[in-house]
1. Relative to the longest principal axis of the C-alpha atoms of chain A, give the angle of the C-alpha long axis of helix A:372-397, reported between 0 and 90° and rounded to the nearest 10°.
2. Computed on alpha carbon atoms, what radius of gyration and Dmax characterise the protein assembly as shown, expressed in Å?
3. When the helices in chain A are scored as -39500 (n - 2.57) per DSSP H run of 4 or longer and the sum is shared across all residues, what 222 nm value do you end up with, to the nearest 500 deg cm²/dmol?
4. Given 5 Å bins starting at zero, what is the percent of C-alpha pairs of segment A:100-205 in each, up to the one with the largest pair distance?
5. How large is log10 of I(q)/I(0) for chain B at q = 0.09 Å⁻¹ when the intensity is taken from the Debye formula with one equal scatterer per alpha-carbon?
6. Averaged over B:85-93, how many beta carbons belonging to a partner chain fall within 10 Å of each residue's beta carbon?
7. What is the local net charge at B:HIS165, summed over the other residues whose Cβ is closer than 11 Å to its Cβ (Lys, Arg +1; Asp, Glu -1)?
8. Sort all Cα-Cα distances of segment A:61-160 into consecutive 10 angstrom bins from zero, then give the percent of pairs in each bin up to the one containing the longest distance.
Protein chains: 2
Amino acid sequence: MDTKKFVLSKSKDIASWYNDIVLKAELADYAPVKGCMVIRPYGYAIWEAIQIYLDQLIKNKGVKNAYFPMFIPEDFLNKEKEHVKGFSPELAVVTHGGGQKLKEKLILRPTSETVMYYMYQKWTNSWRQLPILINQWCNVVRWEKRTYMFLRTTEFLWQEGHCAHLTHPESMDQVLWALDAYQKTYNNLLALYGIAGVKSESEKFAGAGKSYTFEILMPNGKALQACTSHDLGQNFAKAFDWTVADKDGKNTYPWQNSWGLSTRSIGGLIMVQSDDDGLILPPNVAPIQVIIVPIPGQKLDSYLKNITDKLVGLRYLIDQDENETAGFKFNKWEIKGVPIRLEIGQKEANQNQVTLYRRDTKQKQTVSLDNLSSEIEKILKDIQTNLFEKHKKFTQDNTHTVDSYDQFKKIMSTTKGFISAFWCQDPTCEAQIKADTKATTRCLPIDAKKENGVCVHCGKTASHRWLFGQSY
Amino acid sequence: MDTKKFVLSKSKDIASWYNDIVLKAELADYAPVKGCMVIRPYGYAIWEAIQIYLDQLIKNKGVKNAYFPMFIPEDFLNKEKEHVKGFSPELAVVTHGGGQKLKEKLILRPTSETVMYYMYQKWTNSWRQLPILINQWCNVVRWEKRTYMFLRTTEFLWQEGHCAHLTHPESMDQVLWALDAYQKTYNNLLALYGIAGVKSESEKFAGAGKSYTFEILMPNGKALQACTSHDLGQNFAKAFDWTVADKDGKNTYPWQNSWGLSTRSIGGLIMVQSDDDGLILPPNVAPIQVIIVPIPGQKLDSYLKNITDKLVGLRYLIDQDENETAGFKFNKWEIKGVPIRLEIGQKEANQNQVTLYRRDTKQKQTVSLDNLSSEIEKILKDIQTNLFEKHKKFTQDNTHTVDSYDQFKKIMSTTKGFISAFWCQDPTCEAQIKADTKATTRCLPIDAKKENGVCVHCGKTASHRWLFGQSY
């Protein structure tokens, strides 16, 4: 591991600093193919923690995992007009297989609506077979011009849930359930605060009726779309001519929804939960919650056993590499963001205590072995809460309620952040704001109240304050 | 679900029957792209059970999960001569991305040796960084001419472990550990017996020094290669010019191994663990271990609660669909191979008992509610053991120790099965046996003794009995 001091500072050059931390903490590395990344074991362990948490929520809702092929026939994508328009600039195409040119080109899934709904149509003919509640964990491919590790890569990992219901209200229930599951994952696991809401018409998913999002504010004041949950209406059912007999025996199009959360979530985590010295992992998602560093060269085995007996149920590791100094190790685990470090030497052993270092506050304290279990449990909880509250405060401090377009422009050209402003919901107006300020509508927050306002840009009547921000 | 009687019999036409059971039990379905399959929730739940079991064994060994890109630059495959020769007929090629023709064609991974070892080379320069112990769960693509659901599909799911060690003995330890982990998975989870051994030179993996396999006998007497574990020697390290400084500071090539188990394992499971009425799932891998069928139209809710209180810790489901008859449900869960069915009616409720049907023996018995927990636990264990012992007996009964080539040919043209016979290890001789009998060497069993024998085909000196069989 390369533990050389960071040459870059998070506050001064976040983009370069971000790449540096991804490499130095051994979360990921550049792959030989442009735009792709290798997720290294330490980064993948974070993805596994996200999978375990979210998969349980998904299963609790009665949604079952399955696997659909990555190859999509070219004409499938063409069936839903908006869908193909949205995705065609980003497609990867397989033209040869087994040494021969293929009769029909195959698309590598950018998302699986088309292949999944084609199968759903085959499997059902009656309302009795609804709802269909299916999810898959898989890789997808979107050919991106500008890539960025975790945040935007040509191939990435995600889960995509695809459900079909007899009625629109049932489908909407599923859409909002997924949004809530994502919010829980971000808040409780990744200690990230954010704003849930609905996308504008121009920002919604290609083929959706309505798209819901969870927007997270990054340290540089830009907004990250952290996941999406789409009310697809009956669009894809109509595109695939999929009807089922309803309770009266009449043919009806099922209502569909899709929702996804990807490895981009790890990018958001890294951006927010870190400082100039490296990562600061929230304990709930940390692959290692407690790192134990015994001073090299001292006989501490029996005392280490006393300590680990107190750590049952926690993810801990003893770093006993005799080739590294204690200082090198402190630095290494600091960069990797382990929430708690225990420093153990002969002195600590003699006094039946440990020196405990807390990554988020950088405070050291002495803890008696007798209190170690309860003290660590308390501190881990405290770090988890502290990181979430810190990000919540940062987001709230950088969310500006704005009623003048001059102020809007000034904020977007300086500190950035979220802006809460009235908007008339005219796409032309939205496009002009983007051209002037680089800010797009992020969402209409779920809890936005109906008010009597005027559009911050054009002055026309506006009923709600929308959230604006510059996209990451 | 289509619960129409099977038109086909397992014993009469196993190939058609197999496809029928895959579709009727809703394990998988044909995808719109030729050679691909959709793994439906019931089939995928079996894969998840395999993942949970095997992933724990992998993690216990200190191997960590990671993710490498699916795209492999064309020239990477060319670096290892045997590797590219073996895989080039099966490759799928991406030629276009983001609307443009790619400068370098990309191969969809048929296996990940090349991309992973390229990265390992970047990450290491000293023996201190060894061993590298990495595994990934992912999809791979091999363009197959003849496909067969689960057993051979163009895209399939697997895990591939790729480790690198300072010495050959350490690498061999890992090779044999993986083989043992696979054997445990087959024996203990899938209740499948098999023979572990080493492949002949002509049957080994493209690029390997030695390939180890676990061979399973199918009901029609054909052999299934159920997984492989490869001693790659230093072949790929040399191909990628990867050296590390050894303990004396001299450059040395690391020793590598790779090992994989795929969704093909589910194909083997279906083939063996089933009868003319459908699947018979071993309880350890069954998504549903106990299906409870209350007689429709009777008020049984409080009695059902008493029953499920006894099933804590088991995977059970109550089938309360009011639109299906009890008989329809019995048939449906029979096809899906649920190990135990509990039939509950007012009669059972009054007498404080259940009618218990056991899928493997098709026996019904009455069990008092008082004994239900212990009785079900006992029966589940018994089914698991019974299925394994049955397959072990079948395999042993169909393994023939043969010393005459006439007898060899006769067996391979009639009952088939495994043949244990002396072979001189000359590839020409092996090729002639295959041409005559369609039988290939399956492996030299791990426990094969050194003997003084003569080759069953050419009569030359032979030191070991090899296992022969026709490949599935």
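Just so it is clear, none of the values below were taken in a lab; they were calculated from the coordinates. The structure displayed is predicted, hence computed values, not measured ones. All Cβ positions, glycine included, derive from the backbone under ideal geometry; neighbour counts span all protein chains shown.
1. That helix lies at roughly 50 degrees to the long axis.
2. 30.1, 98
3. Values: 14 runs with 153 residues, N = 472.
It lands at -10000 deg cm²/dmol.
4. It works out to 2, 9, 13, 17, 22, 17, 11, 6, 3, 1, 0, in whole percents.
5. Treating every Cα as an identical point scatterer, log10 I(q)/I(0) equals -0.70.
6. Details: counts 0, 0, 0, 2, 2, 3, 4, 10, 9.
That average works out to 3.
7. On the way: positive: none; negative: B:GLU170, B:ASP173, B:ASP231.
So the environment of B:HIS165 carries a net charge of -3.
8. Bins of 10 Å from zero give 13, 39, 34, 11, 1 percent of pairs.
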